[in-house]
Structure formats: C-alpha cells, structure tokens
Amino acid sequence: MAHYTGNGLTEVVHGYRLGEVSGPPTAGKTGRLSFRVYAPSGRAQTEFEIEQTKKMHVYVVRKDLTDFDHVHPEMAADGTWSTPLTLERPGPYRVVAEFLAKDDQGVTHHLVLGTDIEVPGAYQAATLPPPTSSTAVDGYEVSVDGQPVAGRISPLTLRFSRDGRPVTDLQPFLGAYAHLTGFHEGDLAVTHLHPEQQAAGDKPGGPKLDVAAQFLFPGRYRIYIQFQAGQTVHTAPITLQVR
C-alpha cells in the first residue's frame, strides 16, 4: 500500500491528534463509534482526501486479537466522524484511524493514529491461535506462503480456493482484491497491506495475489484478510510468525 506514517500505537503523529473517541457502551448491542481528528493548529481537521474509495478507514480490534471490525465513518460539518458499531464482547479495544489529511498548504499527509476504548464488563482474554499457513472462512480456503521478516519488505503469496478449486472471481473491494490488516501481539501495532495486483473496474481477480508485506516488529501477528466474492465480503483471520 502507499506509505503512511504511524503504527496505531499513539494518538498523535506529526501534530495530528485523534481525540474525543467514544465507543458503544454495551457489549453485544449496536452503539456508535465517534471521534475527531485535530490538526496541528488545534482546530478540528475537516479536509481529507479519498484513499481506497473512502476518506476514513477505521480498524477496531479487541486486545486479545479475537474481534475485528473495519468500518468507514461519515464526517459531520464540525469534523466529528461517527458510525454504527457493535462490539460483541466486553473488554479493551484498540481503535485505529487511517486517513489522508490535507493541510493549509494543500499537502496531503497519510497518517495512522490509534487509541484505546473500553467496553464495560468482565474481560476474559482468549488464547491467540498458533501460526499457520492457511485459514478458512465461509467455505473459502486462503493460504499464505512466505516468511515475513521485520524491518524489510517480505514477499507473501495468497492463494484462494473453494471446494479444492482455484477461486478466479475475486471482486474489487474498496479498490483492491484483498485487504490485510495485521496487529502485533501485545502492543497491537498495526500494518495494513494490499496485493500488488491492481483491481480495475469489475475485472475479477485470483486465485493468486502477491503482497509486499512490511512488519515493524518480530513476533506473532494476527492478520485479518478481507476479500469479496459472490457479492459478499469475507474476513479470514490467520496468525503469522514474523522473524
């Protein structure tokens, strides 16, 4: 994907700040996620450019990396972003906002900011599944080949199949054939990746996608692979070991 600054570990990057973040107050019930982005001047940032068909991408993940949402809030005139959101279980969650902010000189800044929210209730952390090379969702199988190494570009190959047959009808979703959102176990540092194959119009993709992956830290990452097929968006989680 395009170069961005930030890894979701801090609320402030280059003077831009993620503030007034609030989430659903009750687990299992639809509430609202809302926040503002503040410019270095202290004013609410209201000028944004489109990235991957949206002006704002928000990734929400539970601290134990079990629950994940990728949502696209809408902005009000005062700079407040909001969207309906259901967080199924209580506990701590990381909220990560990725966007292109346009400053007063017309310069665009691709930033990733993050903060934590809490859904009230007893938190019981789940055990992270061990690293593997394949996963399945909704009848689709996704394999990931390659050994990622922290601090460098690592080639990964994704292969999609269904009932043992290659999938060749991946549909463009948010401007790409797949979106990979990964979180580092422990600190939840985020990486967001797209395939090198460019999605063009309604042209189908698959069964193989190549990804130039970048991971900041060694350790285990929980990767959420999102792709669209049959007019449905599927999310396939997998744990990868980064050396």
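Values quoted throughout were computed directly from the atomic coordinates according to the rules given, and no laboratory measurement underlies them. Predicted model, so just to flag it, every value in this text is computed and none were measured. So basically every Cβ, Gly included, is an ideal-geometry build from the backbone, and we count neighbours across all protein chains shown.
Annotations for the structure displayed:
- Compactness relative to 2.2 N^0.38 Å, alpha carbon Rg of the chain: 1.00
- Normalising the Debye intensity of the range 134-242 to I(0), with uniform scatterers on Cα atoms only, and taking log10 at q = 0.11, 0.14, 0.17 Å⁻¹ returns -0.31, -0.51, -0.74.
- In terms of packing, defined here as the mean over residues of other Cβ atoms within 10 angstrom, the peptides 169-179, 115-125 line up highest first as 169-179, 115-125.
- Average Cα contact separation per residue, the range 12-119, under 8 Å, 6 or more apart, as relative contact order %: 31 percent
- 12 Å beta-carbon shell around residue 208, net charge (K/R +1, D/E -1): -2
- With Cα atoms defining each centre, the range 160-204 and the range 88-155 are spaced 13 Å apart in the structure.
- Taking a straight Cα-Cα cut-off under 21 Å and skipping sequence neighbours fewer than 8 places away in the same chain, the lysines within cross-link reach of residue 102 are 54, 55.
- Summary of packing: across the peptides 6-15, 68-77, the per-residue average of other C-beta atoms within 10 Å ranks them, highest first, as 6-15, 68-77.
- The range 1-112: C-alpha pair distances exceeding 17 Å, %: 53 percent
- Of the residues 189, 136, 200, the one that moves most in a GNM of the chain with alpha-carbon contacts below 10 Å is 200.
- Summed side-chain charge close to residue 161 - residues other than residue 161 whose Cβ falls under 14 Å, Lys, Arg +1, Asp, Glu -1: -1
- Note on residue 108 and residue 200: the model spin-label points, each 7 Å out from Cα along the C-beta direction, lie 2.1 nm apart.
- Computed over the chain, relative contact order equals 18 percent, with contacts defined as Cα pairs under 8 Å that lie 6+ residues apart.
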